[in-house]
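Laboratory data are not the source of any read-out in this text; all were calculated from the coordinates shown. Just so it is clear, the structure is predicted and the values come from calculations on it, not from any experiment. Glycine also receives a Cβ, built like all others from the backbone with ideal geometry; neighbour counts cover every protein chain displayed.
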Amino acid sequence: MKAGAPEAVLSALGARLVADDVCWLLVFEWRRDLLAGASVASWGTDERTPSAAALTSWFVREADTDEPVLVADGAELGTVGRVLAAPAGDAYLVLGCRRLRPYVCTAAGEMARVATECVLRERSDAPALAAVG
């Protein structure tokens, strides 16, 4: 995997956050106009990450919030612990935590900007498949 690939970006961030009780991270690309999205990169324990449907429902419910970081009890999203989502452009950085640490919540916005920018840039640089017709 080349440096800067989505998985490498999240692995580096996850390795730094594991001591802060972060279990998993994912970048969720969000289409506000369609009220739909998908996970485009992840790090950590996959069986604990919420489904795309659970995240979509959460983001739709919170669409009008002014909060810079969304926080939910994991049980609301079919997982354990606490879940944070920080928006950055057309994506969210979503973090799963065993315990919510205030400084992780405070830093989530900046982490989201950097991580989603790297992940989405890497995806846009990838060659697209041409339609065969």
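Observations
- Extension gain, Ser51 back to Glu117 (0.36 nm per residue minus Cα-Cα distance, nm): 21.5 nm
- Note on Ala63 and Glu7: with the Förster distance fixed at 25 Å, the Cβ-Cβ geometry gives a FRET efficiency of about 0.30.
- In loop segments of segment 68-101 as defined by DSSP, the trypsin sites (Lys or Arg not before Pro) with at most 16 further C-beta atoms inside 10 Å of their C-beta are Arg98, Arg99.
- Table column - 3J(HN,Hα) (Hz), segment 53-63, Karplus curve with 6.51, -1.76, 1.60, x for Gly and Pro: 5, 5, 5, 4, 4, 4, 5, 5, 4, 9, 4
- Annotation: amide H-H contacts under 5 Å for Ala41 (H modelled 1.01 Å from N, sequence separation of 5 or more, or interchain): Val27.
- Annotation: amide H of Cys23 within the under-5 Å range of Gly96, Cys97, Arg98, sequence separation 5 or more or interchain, hydrogens built in the peptide plane.
- For Ala36, nonlocal amide neighbours, meaning residues 5 or more places apart or on other chains whose placed amide H falls under 5 Å from its own, are Arg31.
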